[in-house]
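**Student:** Handing you this structure, nothing more for now.
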Amino acid sequence: MANTGDVPEARFALVPVDRAIIDENWNTMGMIGTGSHTVAVEKQLIPAAWTIRIDLWSERDYGPMSAAAGNSAWPVATSVAAVQLGLARRALDAAAELLKVKTARRAAAPLIDPRVQYELMMAEGAWSACYAGVEQALFRLWEHAELNRRLPVEDRLVLFAANVHASASAIRIIGSICDLIGSSVAPAQGIFGACLRDARIIGSHAILSGPKVEIAAQMRYGLLEDSFWV
C-alpha cells in the first residue's frame, strides 16, 4: 500500500517464487490443475518496479510488462483462457490415445472410426483457432506496450473477446470429447472427468461473466468510454 495524501493506494506486487510462501490449502472439487492455493509474502521491501495497478498506468516507466499489466484486468482474463486451453489440450491428447486402443462393444475394431475421426479433427481445429486468436491478440498488445504507456482500447477489446471465446470453446471441446469416449469419463480420478469439472468451474470466473461481456460490448459500440475491467 502506498499513500497518496490520506488515501492508500493498493498495488499488485510480482515477486520471485523464493520470496513467497505457497500454502497448498485448497480442497476444491474443481480447479485441481490450476495451481490455485494461498500465497503469502512476509513483510519485506519490494522494489516499486515489481508493483503494478490494474486500474491506472504508472507515472514511471518500468518497461513494457508494467505498461501492459497496468492497463486493465486483461491478465486475469488471459490467465483463465490459458487454463481453459490447457485443459482442452490435455483432454484432446488423452482422447486420441484412448480412442486408438478402445474398441466398440462386441467389436474388435478401434473406436476411432470415421465419425470419431471427424469429430476429433473439428475439435482440434477449434482449439487451434482459439489458441491462435489469443496469441495474436497478445502479440498485438505487447507491441503497443513497448511503444506507448497506454494500450489502445481496441487491443484490449480484441484480447477480451479472444479470451471469452477461448474459455467457452474449451468447455464445448471437452464436452464433445466426453461424448466420444462414452463411459471412459466415469472414473472419479480419471483425466476426462477432471478436465470437464475444472473447465466448467473455471468458466464461471467473474472476469469473463455476462456482465463483463456487456461492459466490453458497450465499449465496442461507443456506449461506454472505458472500463479497467476489460
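**Student:** Kindly indicate whether Leu151 is more than 29 Å from Arg200 (Cα to Cα), of a type in the set (A, V, I, L, M) and either free of Cβ contacts under 8 Å to residues at least 12 places away in the same chain or in the same structural domain as Ser169 (by TED's automatic domain parsing) (or both). First the steps, then the outcome.
**Tutor:** Numbers: more than 29 Å from Arg200 (Cα to Cα): yes; of a type in the set (A, V, I, L, M): yes; either free of Cβ contacts under 8 Å to residues at least 12 places away in the same chain or in the same structural domain as Ser169 (by TED's automatic domain parsing) (or both): yes.
Yes, satisfied.
**Student:** Going by the conditions given, is Ala88 aliphatic (A, V, I, L, M), more than 21 Å from Val213 (Cβ to Cβ) and at pLDDT 95 or above?
**Tutor:** On the way: aliphatic (A, V, I, L, M): yes; more than 21 Å from Val213 (Cβ to Cβ): no; at pLDDT 95 or above: yes.
No.
**Student:** May I ask you to say which residue of Gly175, Gly182 is within 24 Å of Ala132 (Cβ to Cβ), in a helix (DSSP H, G or I) and assigned by TED's automatic domain parsing to the domain that holds Ala96?
**Tutor:** Gly175 is the lone residue from the list that is within 24 Å of Ala132 (Cβ to Cβ), in a helix (DSSP H, G or I) and assigned by TED's automatic domain parsing to the domain that holds Ala96.
**Student:** Scan segment 100-111 and tell me whether some residue there is touching a residue at least 24 places away in the same chain (Cβ under 8 Å) and assigned to a helix (DSSP H, G or I).
**Tutor:** no
**Student:** For the condition modelled with pLDDT of 80 or more, buried (at least 17 other Cβ atoms within 10 Å of the Cβ) and in a loop (DSSP other than H, G, I, E, B), what is the one hit in Ser58, Ser72?
**Tutor:** Working: Ser58 fails: modelled with pLDDT of 80 or more.
So the residue among Ser58, Ser72 that is modelled with pLDDT of 80 or more, buried (at least 17 other Cβ atoms within 10 Å of the Cβ) and in a loop (DSSP other than H, G, I, E, B) is Ser72.
**Student:** Name the single residue that is surrounded by the most Cβ atoms within 10 Å (Cβ to Cβ) among those in segment 154-188 being more than 30 Å from Arg115 (Cα to Cα) and without any contact (Cβ under 8 Å) to a residue 24 or more places away in the chain. Give the derivation first.
**Tutor:** Here is the first cut: in segment 154-188, the ones more than 30 Å from Arg115 (Cα to Cα) are 154-161.
Imposing the further condition that a residue be without any contact (Cβ under 8 Å) to a residue 24 or more places away in the chain reduces the set to 154-155, 158.
Working: Glu154: 12, Asp155: 21, Val158: 19.
Top of the filtered list is Asp155.
**Student:** Which of (1) under 30 Å from Ile52 (Cα atoms); (2) within 21 Å of the chain's Cα centre (by Cα); (3) surrounded by fewer than 18 Cβ atoms within 10 Å (Cβ to Cβ) is the odd one out, the single condition Cys130 does not satisfy?
**Tutor:** (3)
The values are calculated or read from the model by the stated rules, or taken from the named source; none is laboratory data. A quick note: this is a predicted structure, and the numbers were derived from the prediction, not measured. Every residue, glycine among them, receives a Cβ derived from its backbone with ideal geometry; neighbour counts consider all protein chains shown.
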